[in-house]
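Notes for the one structure printed next.
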Amino acid sequence: MADITGSGSRNLLQRLRETLADGGKGQERLDRITHLIADAMAAEVCSIYLLRDPETLELCATEGLNPESVHQTRLRIGEGLVGRIAREAKPIITPNATRERGFRYMPETGEEIYSSFLGVPIQRLGEMRGVLVVQNREAREYTDDEAYGLEVVAMVIAEMAELGVFVGEGAALSAPHQQALLFRGGIAQEGNAEGRVILHDPRIVIANPIADDPEVELKRLHDAMDILKGDVDDMLNLHAGGGTSEEHRQVLEAYRMFANSRGWQARMEEDIRQGLAAEVAVEKEQSATRARMARVPDAYLRERLHDLDDLSNKLLRLLTGQGSGSGTEMPDNPILVARNIGPGELLEYGNRLKGIVLEEGSVGSHATIVARALAIPLVIHAAKITREALNGDPILVDGDQGIVHLRPEETVATAFRDKIAMQEEAQQKYRSIRNKPATTQDGVTIGLQMNAGLIAELPSLEPSGADGVGLFRTELQFLARPNVPRRGALAEQYDRILNAAAGKRIVFRTLDIGSDKVLPYMKRQDEPNPAMGWRAIRLALDKSGVMRMQLQALLRAANGRPLTVMFPFIAQFDEFREARRRLLAEVEREKALGHNVPSKLEIGAMLETPSLAFAPDQFFEMADFISIGGNDLKQFFFAADRENERVRRRYDSLNVSYLTFIEQIARRCDALGTPVSFCGEDAGRPTEALCLAAMGIRTLSMRPASIGPVKHLLRRVDLSEARAVIDMARSSGAQSVRASVEHYLSTL
Ligand code: PEP
Ligand code: MG
């Protein structure tokens, strides 16, 4: 076989470049490429398979196999040797293809006479595009150098595919980033939005994947590496001062080690010597890193590979001048598309975003909490959307169903707009009852309050018609910053919140951190089950400094006004008693310092663990109020992780056991004179809200946008009738009362 490493490779790449520069149809270019490669490698067969959809590879060009099989032969990912290469993102080299695991005989191609086989993935930034194969009749072992040379060529083909130079008839040759696509993901924040894509990390486009002059490319790489290393050093110096935990420092050091890794740099230099442009060399390494990332089971190692991926991104930005911070204009109605995003970054975009679509994310993540707080529709788990979307692409986000339409057909867009218009009409209807109470037909009034977590949400208090804020999650002020906020700054924020509420009651829930909500400046605890771990009040009582500071800030902010404080995740009486004692001690301290203390102080507890429902009477007597945190309570009641998509929907919120449990809590609170409300997400779902009311809950706290729909329903129903329907369903042996209640509602 001819040499395609070193100068041989560069010659081949030069000829590929000419193919790129020549006009001609996509198919002609592909045919020429297979011919050139077969020739350069003295192979009897060279074939290019490209993905026609995420599951299927299609033979798109061949030199040597039966030409009739082009666009006819298709393989599923994982099927045959070619499919295996695509699935494993690894080359296969064998002198005897028929004996190789997974070999599949495809008679239409006539390939059975070719014994030796070398196939490599065609991939870009870790995303699979296809497979490039050479074959020879005689049984021979291709060398690693030959495999490497073919990988370099595959890299160029991947870049060419991204540039759209193979566009032609047929799905596998369709222009990239042009078709209408639908993504099914998970619902993290309801609502709908139409707009244009803004990529958090824009796609890098490389117009010329082949180096004119390797020396020039090497210099470009070295210059960019120097800047990168300087940036990493600066970052380290910045964080090396006091306050940085040992663990944080170690992570940064590992990052620096990667930036200075000789192996990484040497591999990229070698790729350039083979004829790749500097940015394609970076991408080639990044693809390898991403493939490894998908394979390693060890979480620590994966994190480190993430670091390397991150460094590659930075390097690409330096080399191309594209990407974050390169001045991409925000389009009108921007919809953010990202692999994942942190709460701080999301807050920087803030209210300007009309929608968010993430490839990763989870319902309980910080980003989700921020999106919810800002009422921005959010779809999570939209697999591979960042590979498809381009800045400025039209996009529709259906947050109610977890569906995203990228570059939608006009008919889809029209139907979507109709749906939004209908919802708008419904909102009008809700506005008309804004100042009316949520009183049922049989005269029971339910208090409706809103949940919030940001100052920016307070303006919704008035227009939503909420009586007050039933849950203010205070952790966002802590999550969205790089260090612990100071007491003065925090007190100022709480003061602004109280001012914005203009006398309406705000229930401040003290910090609920731990579990998934890890503060950037807090040492990460490696807990086997963080949701049941060292979180919320447990952490606050053990590490009293932060809670004390927060309580002082709240007292200062109240400055003589009424104040309501609620402690999260109370599992037993003692925790509440102790937290309350500490708050009262702070009040005494404030008094002694001559500061104003609240004219009225209410101290409540969140009931989020079943155990608290069975606490002694004295607990209920001591608590000024109780709020049921249904999100957590439900996950512990059913032992189903609220963040685990596999199990979280398995148990209906209208399950008979759960509703009966809620009823018992309501009754107990009633008997002991403890006001009780419900502030989990279910409170904002009209049918659920009705059932909670029927179980005896008289105050519900929810997202502001849910208040209209919930009130509208409550005003139409007779609560005792609804209660009778639920009782019937319960005595019938049904698992959930949903079907019965929905049927009842349909008759109204
Ligand atoms: C809950 O658990 O229901 C709750 C309101 O708290 P969070 O969602 O913040 O855990
Ligand atoms: Mg909770």
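The values are calculated or read from the model by the stated rules, or taken from the named source; none is laboratory data. Remember, predicted model here, so these are calculated numbers, not experimental data. In this analysis, Cβ positions are derived from the backbone assuming ideal geometry, glycine residues included, and neighbour counts consider all displayed protein chains. Just so you know, the surface numbers come from the protein's heavy atoms only, side chains and all, with ligands and any DNA or RNA stripped out. Shrake-Rupley method; radii C 1.70, N 1.55, O 1.52, S 1.80 Å.
The residue that is nearest to residue 45 (Cα to Cα), counting only those in region 61-81 that are aliphatic (A, V, I, L, M) and out of contact with any Pro (no Cβ under 9 Å at 6 or more places or on another chain), is 65.
Within region 101-125, which residues are assigned to a strand (DSSP E or B) and in contact with a strand residue (DSSP E or B) (Cβ under 9 Å, 6 or more places away or on another chain)? Within region 101-125, 116, 117, 118, 119, 120, 121, 122, 123 meet the criteria.
Of the residues making up region 639-675, those that are open to solvent by 30 Å² or more (accessible area, probe 1.4 Å), more than 29 Å from the chain's Cα centre (by Cα) and within 19 Å of residue 627 (Cα to Cα) are 660, 664, 667, 668, 670, 671, 672, 673, 675. Within region 602-631, restricting attention to residues that are under 17 Å from residue 532 (Cβ atoms) and of a type in the set (Ser, Thr, Tyr), which residue is least open to solvent (accessible area, probe 1.4 Å)? Result: 609.
Scanning region 716-728 for residues that are buried (at least 18 other Cβ atoms within 10 Å of the Cβ) and either farther than 19 Å from residue 440 by Cβ or touching an Asp or Glu at 6+ places or on another chain (Cβ under 6 Å) (or both) yields a single hit, 719. Of the numbered criteria (1) more than 15 Å from ligand 1 (Cβ to nearest atom); (2) over 29 Å from the mean Cα position of the chain (by Cα), the one residue 526 fails is (2). Filtering region 461-499 to residues that are part of a helix (DSSP H, G or I), surrounded by 19 or more Cβ atoms within 10 Å (Cβ to Cβ) and away from ligand 1 (no atom under 16 Å from the Cβ) leaves 461, 464, 490, 491, 494, 497, 498.
Within the option set 215, 303, being modelled with pLDDT under 80 and open to solvent by 70 Å² or more (accessible area, probe 1.4 Å) holds for one residue only, 303.
Determine whether region 158-174 contains at least one residue that is of a type outside the set (Val, Ile, Thr) and part of a strand (DSSP E or B).
Kept after step one, since they are of a type outside the set (Val, Ile, Thr), are these residues of region 158-174: 158-164, 166, 168-174.
Right, trim to part of a strand (DSSP E or B) and you get none.
No, that holds for no residue.
If you go through region 267-276 and keep only what is under 16 Å from residue 10 (Cα atoms) and open to solvent by 30 Å² or more (accessible area, probe 1.4 Å), you end up with 270, 273.
Here's a check for you: in region 35-77, which residue that is aliphatic (A, V, I, L, M) and in a loop (DSSP other than H, G, I, E, B) is farthest from the chain's Cα centre (by Cα)?
Taking region 35-77 first, the residues aliphatic (A, V, I, L, M) are 36-38, 40-43, 45, 48, 50-51, 57, 59, 61, 65, 70, 75, 77.
Now restrict to residues that are in a loop (DSSP other than H, G, I, E, B): 41-43, 65, 70, 77.
Numbers: 41: 44, 42: 47, 43: 45, 65: 44, 70: 39, 77: 26 Å.
It comes out as 42.
If you take the residues in region 341-377 that are farther than 18 Å from residue 184 by Cβ and of a type in the set (S, T, N, Q), which one is least open to solvent (accessible area, probe 1.4 Å)? Ranking the qualifying residues of region 341-377, first place goes to 365. Reported count of residues in region 238-266, each being over 29 Å from the mean Cα position of the chain (by Cα), at pLDDT 75 or above and exposed (fewer than 15 other Cβ atoms within 10 Å of the Cβ), is 5.
Comparison of 279, 283 shows that the only residue that is assigned to a helix (DSSP H, G or I) and either open to solvent by 10 Å² or more (accessible area, probe 1.4 Å) or over 20 Å from residue 204 (Cα atoms) (or both) is 279. For beta carbons closer than 6 Å, sequence separation of 6+ or different chains, a first residue in region 622-637 that is in contact (Cβ under 8 Å) with a residue 24 or more places away in the chain and charged (D, E, K, R) and a second that is more than 8 Å from ligand 1 (Cβ to nearest atom) and open to solvent by less than 40 Å² (accessible area, probe 1.4 Å), the qualifying pairs are 624/602; 624/603; 624/604.
Looking at the structure I just gave you, is residue 721 within 17 Å of residue 745 (Cα to Cα), in contact (Cβ under 8 Å) with a residue 12 or more places away in the chain and within 13 Å of ligand 1 (Cβ to nearest atom)? Write out each step before concluding.
Details: within 17 Å of residue 745 (Cα to Cα): yes; in contact (Cβ under 8 Å) with a residue 12 or more places away in the chain: yes; within 13 Å of ligand 1 (Cβ to nearest atom): no.
Here the answer is no, as residue 721 does not meet what is asked.
For region 693-715, a residue qualifies if it is modelled with pLDDT of 95 or more, within 16 Å of ligand 1 (Cβ to nearest atom) and open to solvent by 10 Å² or more (accessible area, probe 1.4 Å), and exactly one does: 699.
Restrict the check to region 389-397 and report whether at least one residue is modelled with pLDDT of 95 or more, open to solvent by 30 Å² or more (accessible area, probe 1.4 Å), under 28 Å from residue 175 (Cα atoms) and in contact with a Gly (Cβ under 9 Å, 6 or more places away or on another chain). Looking for residues that are modelled with pLDDT of 95 or more, open to solvent by 30 Å² or more (accessible area, probe 1.4 Å), under 28 Å from residue 175 (Cα atoms) and in contact with a Gly (Cβ under 9 Å, 6 or more places away or on another chain), one finds at least one in region 389-397, hence yes. Restricting attention to region 413-429, the residues that are modelled with pLDDT of 90 or more and open to solvent by less than 50 Å² (accessible area, probe 1.4 Å) add up to 2.
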